[in-house]
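Take a look at the structure below.
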Amino acid sequence: MIAPMEKLIVAGPKRLARELLAELQKAGVVHIDPLRPDELGEYRLSPTEEAELKRWEAVVSQTEQSLAVAGLTPLAGGKQFAGSLEEAEVVLRPVARRAEVLGKERAVLEEEIQTIELFGKAVEKLAALVQGLDESPRLGVIPFLLAKPEELEPVRKALQDALGDRFVLEAEPLENQVAAVVVVRRGELEQARSSLSRLGLAELRLPGNYGTLSITKAAARMKERAKLAPEELLGIREEIARLSRESKDALLHLWARAKDEVARYKTSADMAAGKYGIALMGWVPQKSKGKVEEALGRLRDQIVYTFEPVDEHHEGHQVPVTLENPAWAKPFELLHSFLNTPAYGGHDPTLMIAIFFPLFFGIVVGDIGIGLLFLLAALWMAGKARRGETLRIDFLGAAFGPDVLGKLSIIGKWMAGWAIFWGVLYGEFFGTFLEKLRLPGMFGLKDGWRVFYPTGPGYDPEKYYGLIPMVINRLDFAQTANGLMVFAIMFGVFQVLYAFFLRMRLGLKHGHMKHFWEGFGYFSGLVGLVAFAYNFLTQANIAILNIVFVVGIILFLVGVALSREVLMIAELPGKGGQILSYIRLYAVGVAGGVLASLANQVGFGLAERFGFIGGVLGFFIGLILILAIIVITTLGHVIQPIRLLWIEFSTNFGFFEESGRQYKPFKSVKEQNS
């Protein structure tokens, strides 16, 4: 749910501005907004405060640069430097200088080693071709690289056209290229370069310090530095590691203090100020008022403050939004927060997603084995989260921090639990493996028993018996297809109708009668369509349902008229189609089940035909097929359930029509992850 907020107004003497902000920063729950009344101007920093802000910003910049050199990441939490600005600068100065020098030396050496790796072999070949002629004052040498030997002949022809016989062209093959060199008189050097340029070839120019050397000298230096540079780089890295060990705590403490100081100075601009006083406005969650009162209590005799209730109708668009959900549901905020922040006074879909997304996933997957794989993945992510590690997926360019991994692990456990639960009902373990596997007699069961066995008409008890009867055999289409489709559609009826009920409620709450009548019309029309569909498909012809259909359509037309949205008439069948789209819970799941069943048929078929060898071969082929099916279908098994909640549910109550402001409390950097 969306947390109820209150407006905070604080006024006090100008001399206490920094102290007031420090107390609010410690409380860490006030979202501060700019206050611009007509009677007061904007709070402006004094020249002294401006200078201090720039110095603290320099401390932030230098600590971040030093931490980057040391391979450290600024982290929230921990202690802060307790001294003055001058003391902070004194502590930081030698560390920052040392880090800057080491960082530059490391960068130079890494660039040099990269240059040697990229050009070393080519330069060596070119130097052998040049034979020291690039040191001659009368001759000019142009080294270049070709993609293949066939390109040499066009080069030779172009040079002959320009210079006649006054050149030498030599080449040597490399691994994937050809190293070539042209020697001409120094006065004809530009002519030769122009000839090469017309062919799209450029003279080889080495980067860095090697660019000023001749090919002969560059080759000699590269040969020497290929041995020395890695040793020097190793020494620099050891120095940086020592710097990291010795200065880590000091740098992190300085960074945390400097970030807080900079934040206070910059937030000062959000206050209003007169000649002697200041005023501040912010927003506070109702449950956090105690923290604010405790923080401001330390200045009680010198400031005044008040909390005011929020006027949702006039101020709702200004109020920042934070969500308050039960601990078990809070991780599911992750599944909609990246799409939109609900407007204040709107509806938070977290609980609906938390209840139905893992349930829908379980209905679709319905496999004990796949559920156990998801459980292992969730436990693995939970372990990384506890260790404070980041999961990087380079080919996607994605990185998930410990906080996100922790939430994903909880979501994964719920998904795994429901997948296992429905897997037991369906009797599926990596498809039909435990249904097809015949076991020797034990536990009072005769030979050929199965862990899961089908029941019902068409299944001979003498042939199909075992440990656990299959409650819902979703692959027996004759027995279960209709029931499972109706079961899936029932979720659609509930969620789509509930979405339009929410649209009505929110429209009334905010005085948006157009939205109310839209919700009323669609709700009524869909109730009528559902009643009609039941009578038509079952041929029950229940009189009360006929009345519901007629009344529903009449009320729908009333909603169309009062909302003045004639297009609702054309869109009503589409809304009914959204209810039917919940059939995908059955269709997508049974498609995966059929594929897994086919993989098992291949494996067990080989075993029956070729005996032991066929069994071994069938096991591995079946395993490969099952794994391939899991990889191919998993994305769809995740996307389809969440899509129903994003589109069929959230769109219909208006989740995407209005966006709220994210709640960003003014707090210390050490509390940023809380």
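The values are calculated or read from the model by the stated rules, or taken from the named source; none is laboratory data. None of the values given here were measured: they were computed from a predicted structure. FYI the Cβ positions are ideal-geometry reconstructions off the backbone, even for glycines, and counts take in every protein chain you see. Note: accessible area is taken over every heavy atom of the protein model, side chains too, but ligands, DNA and RNA are not part of it. Shrake-Rupley method; radii C 1.70, N 1.55, O 1.52, S 1.80 Å.
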Would you work out which of PHE374, ALA327, HIS317 lies farthest towards the positive end of the dipole of the stretch 296-387? Charges go on Cβ: Lys and Arg +1, Asp and Glu -1. PHE374
In nm, the gap between the two label points placed 7 Å beyond Cα toward Cβ at ILE547 and ALA478 is 4.1
Cα centroid distance between the stretch 48-120 and the stretch 523-554, in Å? 72
Take the Cβ-Cβ distance between LYS14 and GLU246 as r, set R0 to 35 Å, and report the resulting FRET efficiency rounded to the nearest 0.05. 0.25
Net +/- balance of residues flanking ILE472 in space, Cβ distance below 14 Å, scoring K and R +1, D and E -1: -3
For the stretch 528-674, give the magnitude of the charge dipole about the Cα centre (Cβ charges: +1 Lys/Arg, -1 Asp/Glu; no others), in debye to the nearest 20. 380
Grab the other residues whose beta carbon is less than 12 angstrom from that of MET381, score K and R as +1, D and E as -1, and report the net. +3
Taking the alpha-carbon centroid of each part, what is the distance from the stretch 10-30 to the stretch 132-207 in angstrom? 72
Neighbourhood charge, 10 Å Cβ-Cβ cut-off, centred on GLU565 and excluding it, Lys, Arg +1 and Asp, Glu -1: 0
About the Cα centre, charge dipole magnitude for the stretch 18-99 (Lys/Arg +1, Asp/Glu -1 at Cβ), debye: 560
If I compute Cα Rg over 2.2 N^0.38 Å from the structure I just sent, which labelled value in (1) 1.40; (2) 0.98; (3) 1.30 lines up? (1)
Pairwise FRET efficiency - GLU203 versus ALA226, Cβ, R0 = 30 Å, nearest 0.05: 0.80
Would you list, by chain and number, the lysines whose Cα falls below 28 Å from the Cα of LYS514, excluding same-chain residues fewer than 8 positions away? LYS575
Within the chain, what whole-number % of the accessible surface is contributed by carbon and sulfur, with the 1.4 Å probe and all protein chains included in the calculation? 60
I need the fraction of alpha carbon pairs in the stretch 1-73 separated by more than 14 Å, rounded to a whole percent. 77
Got a sec? Charge dipole of the stretch 8-60, +1 on Cβ for Lys and Arg, -1 for Asp and Glu; which of PRO47, VAL10, HIS31 is way out at the positive end? PRO47
Residues in the stretch 526-551, backbone N under 17 Å from the label point at MET490 (7 Å along the Cα-to-beta-carbon vector): list them, ranges by number please. 530-531, 534-535, 538
Take peptides 104-112, 220-228, 534-542 and line them up by average Cβ neighbours within 10 Å, highest first, as a rough protection proxy. 104-112, 220-228, 534-542
If you roll a 1.4 Å probe over the heavy atoms of the protein chains, what accessible area per residue do you get for the stretch 459-594, in Å²? 52
Across the stretch 362-371, in residue order, what do the Karplus-derived ³J(HN,Hα) couplings come to in whole Hz, using 6.51 cos²θ - 1.76 cosθ + 1.60 with θ = phi - 60° and x for Gly and Pro? x, 4, 5, 6, x, 9, 4, x, 5, x
Starting at the first residue of the stretch 633-646, write each ³J(HN,Hα) from the Karplus equation 6.51 cos²θ - 1.76 cosθ + 1.60 with θ = phi - 60°, in whole Hz, x for Gly and Pro. 8, 4, 4, x, 5, 8, 5, 4, x, 6, 4, 4, 7, 6
Measuring from centroid to centroid over Cα atoms, what is the spacing of the stretch 351-394 and the stretch 582-606 in Å? 22
Full extension between GLN302 and LEU562 adds, at 0.36 nm per residue less the Cα distance, a length in nm of 88.0 nm
Which lysines does LYS266 reach when only Cα atoms under 26 Å apart count, and residues fewer than 8 places away in its own chain are ignored? LYS7, LYS14, LYS26, LYS54, LYS79, LYS275, LYS289, LYS291, LYS664, LYS667, LYS670
